[in-house]
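The values are calculated or read from the model by the stated rules, or taken from the named source; none is laboratory data. Everything quoted here is computed from the prediction, not taken from an experiment. All Cβ positions, glycine included, derive from the backbone under ideal geometry; neighbour counts span all protein chains shown. These area figures cover heavy atoms from the full protein model, side chains too; ligands, DNA and RNA do not enter into them. Shrake-Rupley method; radii C 1.70, N 1.55, O 1.52, S 1.80 Å.
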Amino acid sequence: MTPRIRFENVWMTYGDQVVLERLNLTVAPGEFCTIVGASGCGKTTLLRLLLGEETPSRGRILLDGEPLPAEPGPDRGIVFQRYSVFPHLSVLGNVLLGLELRAAPVTGRLFGGARRNARDEAVAMLEAVGLGQSLGKYPTQLSGGMQQRLALAQSLVMHPRILLLDEPFGALDPGIRRDMHELVLRLWRENNLTVFMVTHDIREGFYLGTRLLVFDKLRYDPDAPQAYGAGITYDLPIGQADPGTLAEVLAGGKR
Amino acid sequence: MKRLINQRPGPVSTAALALLPFVVLALVYLLASDARLAENPNDKLLPSFTTLAESFVRLTSVPSQRTGEILLWQDTGASLRRLAQGVGISAAIGLILGVALGAIPLIRSGFAPFVAVLSLIPPMAVLPVLFIVFGLGEVSKVVLIIVGITPFIVRDLQQRVQELPRELIIKAQTLGANSWQIVLRVILPQVVPRLIDAVRLSLGTAWLFLISAEAIAATEGLGYRIFLVRRYLAMDVILPYVVWITILAYLTDFLLKQISRRAFPWYHNGEPGR
Ligand SMILES: Nc1ncnc2c1ncn2[C@@H]1O[C@H](COP(=O)(O)OP(=O)(O)OP(=O)(O)O)[C@@H](O)[C@H]1O
Ligand SMILES: [Mg+2]
């Protein structure tokens, strides 16, 4: 089976600062990778590489066996910690946007029957994340948790192959966080997603993922801390979330 | 006692505090005017409030013997038309260039330094050129306003576009947007309220250039009238005109603010006092 994502000896440097080095990683479709590591070790950089926002300084990244496109595209959705939703669009407008952009390259808008169909799809997605009652609100009128659920709905309505989450729940309080965990797990199962999720909370990482990637420096020079980059120090298969899926993924990975 | 920075006036004292400087100004004027008129009843420099009021009524109701039109309305119409044309065209150029420069690195590299240099040209210094090229008619006055405020609007808008969170531009790309769609659906709608802000900020400058151009060459207009009657020391005309221009400037600004609030509620959600 072709891996969904494959890093082949990827290095990422900014000037003389090495951020990531000798990164080799194979991720099968349907895996839920949680990523933890010290602040500044390059977790966001890894997601930006996957987005295509940055290109590796060395090595290459394959998506379904093909070189990863060098710019963001609809096959890779993302939820940032902040600024993931468009402040000038209503809740419905935010989710409708992707559908409109796909269908109307010039006007970026849909009208009539096409719009009604897209609207139904968007509303169904919003109901799935529990925002069916807030269609007309603007993001500034939503709580932090609601904004992140909106960002999820907005990404998932495009049916991406890969979902990237950069500390999406970092700013939420514990109760809402738990709700969001259930939501993400459900959406992951229902949408056949491959997920990369950065988190600062290692318990969250253990609970959610099928695989936990720990990033840290592999070697360290006290005189030149920027000389060496981080790599994967632990790559742990885990499965508290869903043992069945984990077994499948593991079996698929060995085939 | 709370700290000074934490003391807030109630609604009544807010209104009173706002009125206070106006009342003080009127009182100072009244005293100075009375003092001068007591010395010389024919003094023209600080006419009494009664003279000013009479003059204002005359300006707004008695048709001119020469043209048969009421001068103040005629002048207001001419000036506002020039201002609207100048500011409207500047806003349109500002929006198009500002978004192009802010959103597209290739255009930015090519033109941003050019715009920066252009914006340093003192507009009044090129007014003679405008008169030579466009003649003494309406066009040169409108163009002076455009030359005067467009560089500011362009650069301000470019800045606003570049200030949009990078995340939003990335997010749009993950929703499949092409460059045109990003401009149309993500950047433009977010910078139009900021364009209104920029226009509000540049209105004062626009009036400055309008009145300067009218003072130098015109046959009607608020600035023309003020500079015409200056020869006769007609403070009873000049002062009502100045107050009238101030009121017009205030109303324009107020109107733009209201339009922005109506049309872009999401932009004003976080504003204090709402
Ligand atoms: N555009 C850039 N130019 C130069 N250096 C950069 C750039 N982006 C990131 N870096 C550097 O790369 C390193 C890794 O940054 P990154 O944002 O990936 O860390 P992170 O693991 O996401 O940290 P955090 O947990 O705090 O979010 C940092 O030392 C940062 O200074
Ligand atoms: Mg980060």
**OP:** Quick one: Debye curve from the alpha-carbon atoms of the stretch B:71-265 only, equal weights, vacuum; give me log10 I(q)/I(0) at q = 0.11, 0.13, 0.17 Å⁻¹ to two decimals.
**Re:** -0.58, -0.76, -1.10
Original post:
Check residue A:5: other-chain or 5+ apart residues with amide H under 5 Å from its amide H, H built from backbone geometry?
Top reply: A:27, A:64
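Which whole-number percent is the relative contact order of the stretch A:37-174 (Cα, under 8 Å, 6+ apart)? Kindly include the intermediate steps, with their values, before the conclusion.
Details: 165 pairs, mean separation 46.3, N = 138.
After rounding, I find 34 percent.
How would B:235, A:180 line up by accessible area, probe 1.4 Å, largest first?
Numbers: B:235 45, A:180 5 Å².
Per-residue accessible area, sorted high to low, gives B:235, A:180.
Which value, in Å², gives the accessible area per residue of the stretch B:126-274 when a 1.4 Å probe is used on the protein heavy atoms? Mind dumping the intermediate values first?
Details: 6880 Å² over 149 residues.
I get 46 Å² per residue for the stretch B:126-274.
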Original post:
What is the list of residues in the stretch B:10-38 whose amide nitrogen lies under 19 Å from a point 7 angstrom out from the Cα of residue B:1, following Cα to Cβ?
Top reply: B:10
**OP:** Apply the Karplus parameterisation 6.51 cos²θ - 1.76 cosθ + 1.60, with θ equal to phi minus 60°, to every residue of the stretch A:130-138 and state each ³J(HN,Hα) to the nearest whole Hz, in sequence, with x for glycine and proline.
**Re:** x, 10, x, 8, 10, 4, x, 6, 9
Subject >> Inter-site label distance for residue A:111 and residue B:26 at 7 Å from Cα along Cβ, in nm >> reply: 5.4
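I'd like the projected area of the stretch B:214-274, averaged over all directions, using the convex hull of its alpha carbons. Report it in nm² with one decimal. Provide the component values of the computation, followed by the final result.
Values: hull surface 24.8 nm².
Answer in nm², one decimal: 6.2.
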Original post:
Cα to Cα, under 22 Å, and not fewer than 8 places away if on the same chain: which lysines meet these conditions relative to residue B:171?
Top reply: A:43, A:137
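Run the numbers for residue B:73 and residue B:136: contour at 0.36 nm per residue of separation, minus the present Cα-Cα distance, in nm. Each step should come with its number before you reach the end.
Working: separation 63, 0.36 × 63 = 22.68 nm, distance 2.20 nm.
Computed gain between residue B:73 and residue B:136 is 20.5 nm.
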Subject >> Using alpha carbons only: equivalent-ellipsoid semi-axes of chain A, gyration tensor based, whole Å >> reply: 32, 20, 19
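At R0 = 41 Å, how high is the FRET efficiency between residue B:268 and residue B:104 if r is their beta carbon distance? Nearest 0.05 is fine.
Numbers: r = 29 Å, r/R0 = 0.70.
Between residue B:268 and residue B:104 the formula returns 0.90.
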Subject >> Distant-in-sequence amide H partners of residue A:54 (H built 1.01 Å from N, under 5 Å) >> reply: A:49
Original post:
Using alpha-carbon pairs under 8 Å, 6+ residues apart, how would you state the relative contact order of chain B in percent?
Top reply: 22
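Nearest 0.05, what FRET efficiency do residue A:121 and residue B:253 give at R0 = 60 Å with Cβ-Cβ as r?
Values: r = 44 Å, r/R0 = 0.73.
That pair, residue A:121 with residue B:253, gives E of 0.85.
Using only the heavy atoms of the protein chains and a 1.4 Å probe, how would A:137, A:43 rank by accessible area, largest first? Show your work: numbers first, answer last.
Details: A:137 90, A:43 15 Å².
Heavy-atom accessible area, descending, gives A:137, A:43.
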**OP:** Please work out the FRET efficiency for the pair residue A:190 and residue A:103, using the Cβ-Cβ distance as r and a Förster radius of 25 Å; give the result to the nearest 0.05.
**Re:** 0.60
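At 0.36 nm per residue, minus the direct Cα-Cα distance, what do residue B:215 and residue B:179 gain on full extension? Give it in nm, one decimal, please.
On the way: separation 36, 0.36 × 36 = 12.96 nm, distance 4.61 nm.
That works out to 8.3 nm of additional length.
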Original post:
Taking accessible area as the heavy-atom solvent-accessible surface of the protein chains with a 1.4 Å probe, which residues of the stretch A:43-71 lose no less than 30 Å² upon going from the isolated chain to the full protein assembly?
Top reply: A:53
**OP:** Measure of size requested: the Rg and Dmax of the stretch B:123-209, with Cα atoms as the atom set and Å as the unit; please supply both.
**Re:** 17.6, 54
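Just how large is the dipole of the stretch B:71-265 about the Cα centre, in debye to the nearest 20, putting +1 at every Lys and Arg Cβ and -1 at every Asp and Glu Cβ? If you can, show how the numbers build up before the last one.
On the way: 17 positive and 10 negative charges, 84 e Å.
Dipole about the Cα centre, nearest 20: 400 debye.
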